[in-house]
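**Q** First the structure, which I've put down as structure tokens, then a few questions once you've had a look.
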Amino acid sequence: MNIFVLMKRTFDTEEKISVSGGKIAEDGAEFIINPYDEYAIEEAIQLKDAHGGEVTVVSVGDEETEKQLRTALAMGADKAVLINIEDDVDMTDEFSIAKILSEYLKDKDADLIIGGNVAIDGGSGQVAPRVADYLNIPYVTTITSIKVDGEKVEIVRDVEGDSETIETSLPLLVTAQQGLNDPRYPSLPGIMKAKKKPLDEIELDDLDLEEDDVEPKTETVEIYLPPAKEAGRILEGEVDDQVKELVQLLRTEAKVV
Amino acid sequence: MSKKVLVLAETREGSLRNVSFEAIAAGKMIADGGEVISVLIGNGITDVANELVAYGADRVITVEDAKLEQYSSDGFSQALLAVIEQENPEGIVMGHTSLGKDLSPKLASRLNSGLVSDVTAIEADGDSPKFIRPIYSGKAFEKKVIKDGLTFITIRPNNIPALEKEEGRSGDVSSVSVDITDLRTIIKEVVRKATDGVDLSEAKVIVAGGRGVKSEEGFEPLKELADLLGGAVGASRGACDADYCDYSLQIGQTGKVVTPDLYIACGISGAIQHMAGMSNSKVIVAINKDPEANIFKVADYGIVGDLFDVVPLLIEEFKKVKVS
Ligand SMILES: Cc1cc2nc3c(=O)[nH]c(=O)nc-3n(C[C@H](O)[C@H](O)[C@H](O)COP(=O)(O)OP(=O)(O)OC[C@H]3O[C@@H](n4cnc5c(N)ncnc54)[C@H](O)[C@@H]3O)c2cc1C
Ligand SMILES: Cc1cc2nc3c(=O)[nH]c(=O)nc-3n(C[C@H](O)[C@H](O)[C@H](O)COP(=O)(O)OP(=O)(O)OC[C@H]3O[C@@H](n4cnc5c(N)ncnc54)[C@H](O)[C@@H]3O)c2cc1C
């Protein structure tokens, strides 16, 4: 199977977040593989182990993204491709990123493309289904299980806690939901091997794209932090009294019950 | 400039989900005096059309077909595209629900348009409306505009209030027929785990339990409290992983995103992935025996203590004030 994984380098949102100059401040921040894309990478490796083939991890990013791509290689992916847009594009949105990925993928004869269901920073969940539509292949989002048998594919997907069993066929795009698998940590030999695995870097020009072709359709005009919440009130005294006070506060101060 | 806006209505087991009414309200803000048309897709669903009118839709268009009985991205996009072709809307609104998240990017790609996902508020005073959406797992917000072309958004349930229901409001209900072909993904089975009763993403009160609840039985008092307050029970991933409750109750980044008026977190530590799903709740109460627990940072009111003492006392106290 010829498997491609869409991987985004994301801000670790467990870290403290601050805004400076109208942007999320990046200095000193931790960057990671988007957690849902870790499931995607793991699933791709497992499917390759079961069915043979090759796993290529693709990311639209900048020079820094090499680090996360190397990690994906150390987990067991065979190849990595960095589409470096740093010098070519000022502004992007979901359309732009999806278009770039689609142009890269359109002649790759992918049997299966796996992405994450959402990026924990941008949070739109648009990129992968947009890519599927562009390539005119079917897609299934938020999957928790996938079984491939020849061309036939059986999938279980999570739908707000209900689960749906879906039948479809390759070529196909799916997006990973938590629960799909337990992503492995790169092993030491894996890390050593990753250093020798191919990591290609390409630019928009290599995809015959110009900046205009990927001009975003939406624009962010402001980024801000939620108003600092006033420190909550930790109640004190005997438990009975705390409970009485709480009910009182919910009724008279917060007026929610 | 007024716009014609299509709004997708969503049903669950034959009834309209609340987010359908909220989407009408959002549609009105974008329409700026223009027409707001609800689109109802499915099979045997026309009964509910008038309810959409009562909530502010100017017209309703239904697309019915046996092949639309269950959602599929192929089927529903064919249906919507047929309506779009007929109506030529300048705006589209849907819920940021499982269905909306799956369908909207495909449709945006088809229509070669921008899309602003998971909108929690709209500023529609000027010419082009601005859309506010949470980013970075809810730790920040961005304000976005759509530069040109179609104004296409999905809205997070329970954030943009629906309009007051107006019985007797009238509006045309018509249908569009579409030949649904070539469904490439087929649903073979649906296992419904979501409890009946109040829909978590639309509940006004949620009592949520975490690993601190310790067992399936431990959830009983939480259920009792939720019932008493007309709310629903939710859970952290920790509680779901430990098998104390079903994954359909999970709240957070991977589970449901909720914005109730009152969220009572019992024995939940407050991991970022959990907070991504509930930190925008209007009032948050935390009950945790660890005074250092992260959840207290977002709580409006906190009780440091054993939930097995506190929750039963809360039930008693609420019963008392209800009686009096
Ligand atoms: C180099 C770079 C520059 C950017 N510059 C700007 C800017 O100037 N202004 C601005 O507003 N935003 C900028 N962004 C943000 C960018 O527009 C969003 O990341 C993009 O729209 C994806 O949206 P999302 O984060 O909601 O991803 P989602 O749609 O939620 O992601 C879902 C899945 O799609 C796949 N995916 C998403 N992004 C990528 C990617 N880059 N490569 C491979 N797979 C991916 C992954 O599988 C991911 O799990 C930039 C991003 C990058 C990488
Ligand atoms: C990619 C990814 C996605 C995730 N998505 C989600 C998600 O959607 N939702 C989610 O919830 N998590 C999610 N998680 C998991 C998350 O990181 C935490 O592990 C999880 O939320 C912890 O659950 P918890 O608070 O119940 O458990 P714990 O962190 O173990 O906390 C239990 C709490 O109970 C308290 N406690 C114990 N006994 C009592 C008692 N008797 N009375 C009062 N308090 C008591 C303890 O002090 C403690 O604070 C995700 C993780 C990853 C990596």
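**Q** Name the GluC sites (Glu not before Pro) in the range B:241-324 that are in a loop by DSSP and that have at most 11 other C-beta atoms within 10 Å, would you?
**A** Passing sites in the range B:241-324 are B:Glu292.
**Q** Provide the three semi-axes, in whole Å and in decreasing order, of the ellipsoid equivalent to the protein assembly as shown as defined by the square roots of 5 times the Cα gyration tensor eigenvalues.
**A** Over the Cα atoms of the protein assembly as shown, the ellipsoid semi-axes are 37, 31, 23 Å.
**Q** What percent antiparallel are the DSSP beta bridges of the protein assembly as shown, to the nearest 5?
**A** Roughly 35 percent of the DSSP beta bridges within the protein assembly as shown come out antiparallel.
**Q** Sticking with this structure for a sec: Where does helix A:94-105 land angle-wise versus the long Cα axis of chain A, in degrees 0 to 90, nearest 10?
**A** 20
**Q** In deg cm²/dmol, rounded to 500, what helix-only [θ] at 222 nm does chain B give when every DSSP H run of at least 4 residues adds -39500 (n - 2.57) and the total is split over its residues?
**A** Rounded to the nearest 500, it is -7500 deg cm²/dmol.
**Q** Another one. I'd like the per residue volume of the convex hull spanned by the Cα atoms of the range A:178-257, given in cubic angstrom.
**A** In the range A:178-257, the Cα hull volume divided by residue count equals 347 Å³.
**Q** Can you tell me the orientation of helix A:239-252 relative to chain A, as the angle in degrees between its alpha-carbon axis and the longest Cα principal axis, to the nearest 10?
**A** Helix A:239-252 sits at roughly 80 degrees to that axis.
**Q** In Å³ and rounded to a whole number, note down the convex hull volume per residue for the Cα atoms of the range B:205-323.
**A** 87
**Q** So, one more: If you find the alpha carbon centre of the range B:37-85 and of the range A:35-50, how far apart are they in angstrom?
**A** 37
**Q** Once you keep just the Cα pairs under 8 angstrom separated by 6 or more residues, what percentage relative contact order results for chain A?
**A** Reported as a whole number, the value is 24 percent.
**Q** Given H placed 1.01 Å from N in the peptide plane, which residues other than close sequence neighbours of A:Asp162 have an amide H under 5 Å from its amide H?
**A** B:Lys193, B:Ala194
**Q** On the accessible surface of the range A:2-214, probed at 1.4 Å, how many percent belong to carbon and sulfur atoms?
**A** Reported share for carbon and sulfur atoms: 43 percent.
**Q** Here's something else I'd like to know. Direction-averaged shadow area of the convex hull around the Cα atoms of the range A:2-214, nm²?
**A** For the range A:2-214, the mean projected area of the Cα convex hull comes to 12.2 nm².
**Q** Now for a different question. Leaving out ligands, DNA and RNA, calculate the buried accessible area for the pair A and B with a 1.4 Å probe, summed over both sides, in Å² to the nearest 100.
**A** Buried area between the two chains comes out at roughly 6800 Å².
**Q** Ok, one more. Provide Rg over Rh for the range B:5-175; use the alpha carbon set for both Rg and the Kirkwood Rh (inverse mean inverse pair distance).
**A** When Rh is taken as the Kirkwood radius, the ratio is 0.94.
**Q** Could you work out the local net charge near B:Asp65, counting Lys and Arg as +1, Asp and Glu as -1, over the other residues with Cβ closer than 13 Å to its Cβ?
**A** Taking every other residue near B:Asp65 into account, the sum is -3.
**Q** State to the nearest 20 debye the size of the charge dipole of chain A about its Cα centre, where the only charges are +1 on K and R beta carbons and -1 on D and E beta carbons.
**A** Approximately 980 debye in magnitude.
**Q** Measuring from label point to label point, each 7 Å out along Cα→Cβ, what is the A:Lys229 to B:Glu220 span in nm?
**A** 3.1
**Q** Where only protein heavy atoms count, and the probe is 1.4 Å, what is the accessible area per residue for chain A in Å²?
**A** 46
**Q** In the range B:5-175, carbon and sulfur make up what percent of the accessible area (probe 1.4 Å)?
**A** Whole-percent figure for carbon plus sulfur exposure: 40.
**Q** Let me ask something additional. Which residues, if any, in the range B:245-284 lose at least 50 square angstrom of accessible heavy-atom surface (probe 1.4 Å) when the other protein chains sit next to their chain rather than the chain being alone?
**A** Listed by number, the residues meeting the 50 Å² cut-off are B:Gln253, B:Thr254.
**Q** Next question. Determine ³J(HN,Hα), in whole Hz, for all residues of the range B:254-267 in sequence, where each value follows from phi through the Karplus function 6.51 cos²θ - 1.76 cosθ + 1.60 and θ = phi - 60°; x replaces Gly and Pro.
**A** Result, ordered by residue: 8, x, 8, 9, 10, 9, x, 5, 9, 10, 10, 9, 10, x Hz.
**Q** What are the principal axis extents of the Cα atoms in chain B, in Å, biggest first?
**A** 61, 45, 42
**Q** Please report, ordered by residue number, every helix of chain B (full DSSP H runs) that is 18 Å or longer along its axis going by C-alpha atoms and whose mean Kyte-Doolittle hydropathy reaches 0.5.
**A** Within chain B the helices that satisfy the rule are B:18-31, B:307-323.
**Q** When the Cα centres of the range B:213-262 and the range A:93-142 are compared, how far apart do they sit, in Å?
**A** That distance is 33 Å.
**Q** Angle, helix A:35-51 long axis vs. longest principal axis of chain A, Cα atoms, 0 to 90°, nearest 10?
**A** Taking the Cα atoms of chain A, the angle to A:35-51 is about 40 degrees.
**Q** Also, quick follow-up: Near B:Phe219, within a Cβ-to-Cβ distance under 14 Å, what is the net charge of the other residues, with Lys and Arg +1 and Asp and Glu -1?
**A** The answer is -4.
**Q** What do you get for trypsin sites (Lys or Arg not before Pro) in the range A:137-228 restricted to DSSP loop and a cutoff of at most 13 other Cβ within 10 Å of the site's Cβ?
**A** Sites meeting the loop and neighbour criteria: A:Lys195, A:Lys196.
**Q** Between A:Val140 and residues 5 or more places away or on another chain, which pairs have amide H atoms under 5 Å apart, with H built 1.01 Å from N, and which residues are they?
**A** Here A:Leu173, A:Val174, A:Thr175 satisfy the definition.
**Q** What order, most packed first, do the peptides A:249-257, B:68-76 have when packing is the mean number of other Cβ atoms within 10 Å of each residue?
**A** Top of the packing list down: B:68-76, A:249-257.
**Q** Heavy-atom accessible area per residue, chain B, 1.4 Å probe: how many Å²?
**A** Value returned for chain B: 39 Å² of accessible area per residue.
**Q** Net charge near B:Ile315, counting Lys/Arg +1 and Asp/Glu -1 over other residues with Cβ under 14 Å of its Cβ?
**A** So the environment of B:Ile315 carries a net charge of -2.
The values are calculated or read from the model by the stated rules, or taken from the named source; none is laboratory data. Just so it is clear, the model here is predicted, and its values are computed rather than measured. Note that we place each Cβ from the backbone using ideal geometry, even for glycine, and neighbour counts take in every protein chain shown. Keep in mind that these areas ignore ligands, DNA and RNA; they rest on the heavy atoms of the full protein, side chains included. Shrake-Rupley method; radii C 1.70, N 1.55, O 1.52, S 1.80 Å.
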